[in-house]
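First the structure, in the form of structure tokens, and then the observations on it.
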Amino acid sequence: MAQTNHTEVIEYVLLGLQDHHSLEIALFVLCLGIYCITLLGNSFLVGLIVLDTHLHSPMYFFISNLSLIDIFGTSSFTPMMLLNFLDVQRTISFPSCALQMYLTLALGTTECLLLAVMAYDRYVAICQPLRYSELMNGPLCIQMAGISWGVGFANSLLHSILVWRLPFCGHYIINHFFCEILAVLKLACGDISLNTLILMVATAVLTMTPLLLICLSYIFILAAILRVPSAAGRSKAFSTCSAHLTVVVIFYGTITFMYLKPKDKDPSVGKIITLLYAIVAPSLNAFIYSLRNSEVKAAVTALLWGGLLTRKMSHF
């Protein structure tokens with residue numbers, strides 16, 4: 001392993017499942033397929049939202065941001081991980097590892113905040129429909145999305161600075177598929193109490209607070225839906241937020257499972273399950289918003305029959 005001295009590491013080894021190469025081949029095929037679905041599905045949804053003027057609303061603006069997070073998030077670690085599975089390259093340079101850790105943490109935090117913003121959007125749409133265009137105007141939506149991205153990347157920058165200032169005493173083997181912050185912290189040979197404290201505070205503020213706001217939003221939404229006199233009206237009102245609620249359950253269920261599950265007797269089993277959860281969830285979001293949304297279905301139909309592109313080209 002190339003090192004400039006005993007404490008400065010210039011590249012790391014991603015251990016992955018080095019002792020189970022046949023399993024790695026199977027995971028390569030599975031993960032490559034899921035990654036392609038994630039890229040194609042989310043890219044198609046973003047393109048559809050851009051092309052169809054009927055989808056130029058705050059809800060779809062936030063959905064397009066969520067799709068971009070899924071694309072960038074999975075792309076930040078999946079290509080390198082696929083090379084790892086094929087045994088082509090198990091090492092990762094220090095700058096690449098630092099960037100990978102920074103992006104995965106930043107985009108995960110951004111998604112937490114964006115899901116809370118989307119819950120507020122659904123609250124305004126259902127509980128204050130007459131003021132929706134006033135309260136969810138274009139500039140405000142851009143500001144809320146920008147704040148979500150900005151806070152997520154600023155939080156990740158803080159943690160990255162605190163992590164990479166630690167001494168690692170020449171430790172370079174990361175027992176994971178990618179440079180995840182907790183796996184990197186395990187290599188440190190210095191005091192990580194400050195890192196742990198700030199990580200816990202940031203998790204509470206930037207993960208649990210959005211979840212609390214989401215729950216409060218849906219309490220008010222549920223109360224408003226129950227006041228709708230007709231069953232058809234209640235069904236229509238709930239259908240507008242069911243896709244978002246499904247994504248929230250999958251996202252927070254994934255986080256809970258990944259970080260709060262009991263420690264496995266075989267570390268390889270835990271790594272595989274964590275990996276599958278990390279790449280499967282982003283691949284589902286585009287399909288959830290497509291299959292459970294009549295407006296997206298209508299836009300897809302228009303695109304398939306050529307009407308959407310014809311209308312778009314007529315503007316030029």
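The values are calculated or read from the model by the stated rules, or taken from the named source; none is laboratory data. Just so you know, these numbers come straight off a predicted model, no measurement behind them. Don't worry about glycine lacking a Cβ; one is built from the backbone with ideal geometry, like all the others, and counts go over all protein chains shown. Areas reflect the complete protein model, heavy atoms only, side chains present, ligands, DNA and RNA absent. Shrake-Rupley method; radii C 1.70, N 1.55, O 1.52, S 1.80 Å.
Distant-in-sequence amide contacts of GLU11, defined by a placed amide H-H separation under 5 Å and a gap of 5 or more residues or a different chain, comprise PHE94.
Going by a ≥ b ≥ c, the root eigenvalues of the Cα gyration tensor, does the stretch 109-225 fall in the rounded group (a/c under 1.5), the prolate group (a/b larger than b/c) or the oblate group?
Prolate, since a/c reaches 1.5 and a/b exceeds b/c.
Per residue, the solvent-accessible area of the chain (1.4 Å probe, heavy atoms of protein chains only, all protein chains present) comes to 50 Å². Let me test this: with uniform point scatterers at the alpha carbons of the stretch 41-131, what is the Debye-based log₁₀ I(q)/I(0) at q = 0.26 1/Å? So the normalised log intensities work out to -1.23.
Annotated for the chain: lysine pairs at least 8 residues apart or interchain, Cα distance under 16 Å, count 5.
For the stretch 11-291, the dipole from Cβ point charges (+1 on Lys and Arg, -1 on Asp and Glu) about the Cα centre works out to 660 debye, to the nearest 20.
In the elastic network of the chain, a GNM with C-alpha springs shorter than 10 Å, the most mobile of THR78, THR256, THR91 is THR256.
For the stretch 58-71, putting each phi into the Karplus relation 6.51 cos²θ - 1.76 cosθ + 1.60 with θ = phi - 60° gives couplings of x, 4, 6, 4, 6, 4, 5, 5, 4, 5, 5, 4, 4, 5 Hz, in residue order, rounded to whole numbers and with x for Gly and Pro. Each Cα pair of the stretch 168-245 feeds into the Kirkwood radius, which the Stokes-Einstein equation turns, at 4 °C and 1.567 mPa s, into a diffusion coefficient of 79 µm²/s. For ARG234 and CYS189, a Förster radius of 45 Å and the Cβ-Cβ distance give a FRET efficiency of 0.15, rounded to the nearest 0.05. Helical content of the chain, expressed as a calculated mean residue ellipticity at 222 nm, amounts to -24500 deg cm²/dmol (DSSP H runs of 4 or more residues, -39,500 (n - 2.57) each, divided by residue number, nearest 500).
One quarter of the surface of the convex hull around the alpha-carbon atoms of the stretch 11-291 equals 16.2 nm², the direction-averaged projected area.
Counting only protein heavy atoms and a probe of 1.4 Å, the accessible surface of the stretch 11-291 is 73% carbon and sulfur.
Using Cα-Cα distances under 8 Å and only pairs 6 or more residues apart, what relative contact order does the chain have, in percent? Value for the chain: 27 percent.
GNM on the chain, C-alpha springs below 10 Å: top fluctuator among PHE220, PHE178, PHE153? Sorting by GNM fluctuation, first place goes to PHE220. Taking Cα atoms only, the orientation of helix 209-226 departs from the longest principal axis of the chain by about 20 degrees. Across the stretch 75-86, coupling constants 3J(HN,Hα) worked out from phi with the 6.51/-1.76/1.60 Karplus curve, θ = phi - 60°, read 6, 6, 9, 5, x, 5, 5, 5, 5, 4, 4, 7 Hz, and Gly and Pro carry x.
Rounded to the nearest 10 degrees, the angle from helix 21-51 to the longest Cα principal axis of the chain is 30 degrees. 3J(HN,Hα) along the stretch 236-241, derived from phi through the Karplus expression 6.51 cos²θ - 1.76 cosθ + 1.60 where θ = phi - 60°, amounts to 5, 5, 5, 5, 6, 10 Hz, with x in place of Gly and Pro.
Computed from Cα positions, the angle between helix 294-304 and the longest principal axis of the chain comes to roughly 80 degrees.
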